[in-house]
Structures are given as structure tokens and as C-alpha cells.
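See below for the structure under consideration.
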Amino acid sequence: MTRLEDFPAPAHGIDGVVRRMRALGDGWRPDDGVAVFNRLYLTVTEAIGRDIDGGGFADRRAAVTLDVRFAERYLAAVDTVAAGGRAPACWRPLFQLRSHPGVRPVQFALAGVNAHIGHDLALAVVDTCHTLGCEPADLEDEFERVGELLALLEERVREELMPGPDVLELADPLTHLMASWSLDRARDAAWAAARGLWALRGLPSLAAETAVRLDSAVGLVSRFLLTPAR
């Protein structure tokens with residue numbers, strides 16, 4: 001059984017996050033639903049790290065901070081579940097259904113992407129603003145660049161995990177399910193949510209309530225994406 005102490009918190013920086021994700025992958029079965037998402041997210045995190053090292057971001061510090069704060073939201077959900085707690089609502093369906101035989105790998109992957117972008121990305125922007133003492137507008141370029149790299153994740157999900165044409169014909173509900181979700185819309189909603197939460201920072205109780213409702217709404221979409229397709 002996975003234990004919290006098996007996966008120590010990542011060191012500061014993207015390299016620490018990458019090491020943590022690799023350790024997680026080594027500890028899970030390849031067909032585990034969370035492991036499916038973890039493999040794909042690891043690939044994108046490595047790509048973001050290379051892009052930062054190659055000068056792809058104008059503000060390296062902002063890019064690293066945003067990426068690490070973003071990843072820490074997912075890793076915190078993993079820690080919570082490993083310790084016997086309840087994951088945030090956005091992640092709960094994926095952890096609850098991670099071994100369901102009727103859910104296909106592409107569904108696990110997109111449910112993870114939905115939870116991470118729809119909820120975690122918005123809060124990561126707010127976390128980064130607090131860390132760096134800046135406004136969301138100051139992070140817009142980094143947000144957009146990360147979004148471009150996340151689009152590669154969605155492409156990889158669909159290319160590697162969608163069934164072939166013959167299966168698609170038999171699994172028509174799956175094709176409709178996958179077509180109902182859009183990364184671009186999720187990313188736009190995350191940016192709007194981040195700006196809204198930042199505007200509410202002087203009203204902590206209202207900001208907290210808004211974050212809870214965002215979490216629940218994104219979790220509902222994740223549960224829909226994990227509807228058994230076979």
C-alpha cells in the first residue's frame with residue numbers, strides 16, 4: 001500500500017517536482033488511473049523545464065514559481081489520499097475510480113487534466129502572486145506559455161490513449177464524452193477564476209467560499225468524464 005512517507009515533498013524547483021513524479025510513477029501500477037495522468041503530466045513538466053532553461057519564458061523566476069506552485073497542488077492531493085484523507089473535490093473522482101475496469105485510460109488522463117487546469121491552475125496563479133508580490137496581469141505571459149505547453153498534453157492524450165477507429169465505432173459514447181471537454185475553455189475559465197479570487201483577497205470568507213464552489217464544479221466535470229465507457 002502507498003504510504004505518505006514513501007513520497008517526500010519535492011525540493012524547490014522543477015527538478016524536485018520531476019523527481020517526485022518519477023517516484024510516484026515507480027510506486028503505482030501502470031494501469032492505475034492516477035498513474036496514467038502522472039505519466040503524461042511528468043512529460044509536460046519536463047518539457048516546461050526544458051523550455052525555461054532554453055529561455056522560452058521572459059521571466060524565469062515567475063515561470064518556475066508558477067509551475068512549481070501548480071504541480072504542488074496535484075502533489076498535495078496525492079499526499080492527502082496517501083495519508084488516508086479526502087482529496088479536493090476536483091480530484092476525488094479520479095482517486096475514487098482509479099481502478100474501475102470500465103473507465104478507459106484516456107478518461108483517467110482527461111479527468112486529471114480537468115482537475116489540474118480547472119481548479120489547481122487558478123489557485124496556483126493566486127499562490128504565485130502572493131509568493132512574488134505581483135498581480136495576475138504580471139503573470140499573463142507565463143500563464144499563456146504554460147497553456148501552450150499544456151495543449152501538447154491534450155494532443156498527446158488523444159493521440160496515445162484514444163482507441164483506434166474500429167473501437168471508436170463501437171464506443172460511440174466515449175467519442176461524445178471526449179468531445180464534450182475543451183482545454184482552451186478550461187484554461188480561459190481558470191484565468192477568469194484566478195483574477196476573481198485575487199480580486200476577493202481582501203474578503204477572505206468570500207474568497208474561500210468561491211474556491212470551494214470552484215472545486216466542486218470542476219469535480220462534477222471530472223466525474224462526468226469518468227463515466228464508464230465499457
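The values are calculated or read from the model by the stated rules, or taken from the named source; none is laboratory data. Quick caveat: nothing in here was measured; it's all calculated off a predicted structure. Don't worry about glycine lacking a Cβ; one is built from the backbone with ideal geometry, like all the others, and counts go over all protein chains shown. All accessible areas refer to the heavy atoms of the entire protein, side chains included, with ligands and DNA or RNA removed. Shrake-Rupley method; radii C 1.70, N 1.55, O 1.52, S 1.80 Å.
Cα atoms only: what Rg and Dmax, in Å, come out for the range 38-105?
Spelled out, the Cα radius of gyration and Dmax of the range 38-105 are 15.1, 45 Å.
Distance between the C-alpha centers of the range 104-120 and the range 133-151? Whole Å please.
Centre-to-centre (Cα) distance: 20 Å.
Which semi-axes, in whole Å and largest first, does the equivalent ellipsoid of the chain have when worked out from the alpha carbon gyration tensor as the square roots of 5 times its eigenvalues? Write out the running numbers ahead of the final one.
Working: eigenvalues 146, 76, 70 Å².
Those come to 27, 20, 19 Å.
Could you give the accessible area per residue of the range 6-163, probe 1.4 Å, as a whole number in Å²? Could you put the intermediate results ahead of the total?
Numbers: 6430 Å² over 158 residues.
Heavy-atom accessible area per residue stands at 41 Å².
Using a Förster distance of 35 Å, how high is the FRET efficiency between residue 137 and residue 31, based on the Cβ-Cβ distance and rounded to 0.05? Please report the intermediate quantities before stating the final value.
Details: r = 43 Å, r/R0 = 1.21.
The calculated FRET efficiency here is 0.25.
Starting from 0.36 nm per residue, how many nanometres of slack lie between residue 224 and residue 43 once their C-alpha separation is accounted for?
62.6 nm
Using 0.36 nm per residue, how much length does the chain from residue 209 to residue 99 gain when fully extended, once their Cα-Cα distance is taken away?
Values: separation 110, 0.36 × 110 = 39.60 nm, distance 3.16 nm.
Going from the current span to full extension adds 36.4 nm.
Kindly write out, for the range 14-22 in residue order, the coupling ³J(HN,Hα) from the Karplus curve 6.51 cos²θ - 1.76 cosθ + 1.60 (θ = phi - 60°), rounded to whole Hz, with x marking Gly and Pro.
Computed from phi, the couplings for the range 14-22 are 5, 4, x, 5, 4, 4, 5, 5, 5 Hz.
Let me know the charge dipole size of the range 39-160 about its Cα centre in debye, to the nearest 20, where only the beta-carbon of Lys, Arg (+1) and Asp, Glu (-1) is charged.
On the way: 13 positive and 20 negative charges, 162 e Å.
Charge dipole of the range 39-160: 780 debye, to the nearest 20.
Ignoring any ligand, DNA or RNA, what whole percent of the accessible area of the chain comes from carbon and sulfur when the probe is 1.4 angstrom?
Details: 5930 of 11110 Å².
C and S fraction of accessible area: 53 percent.
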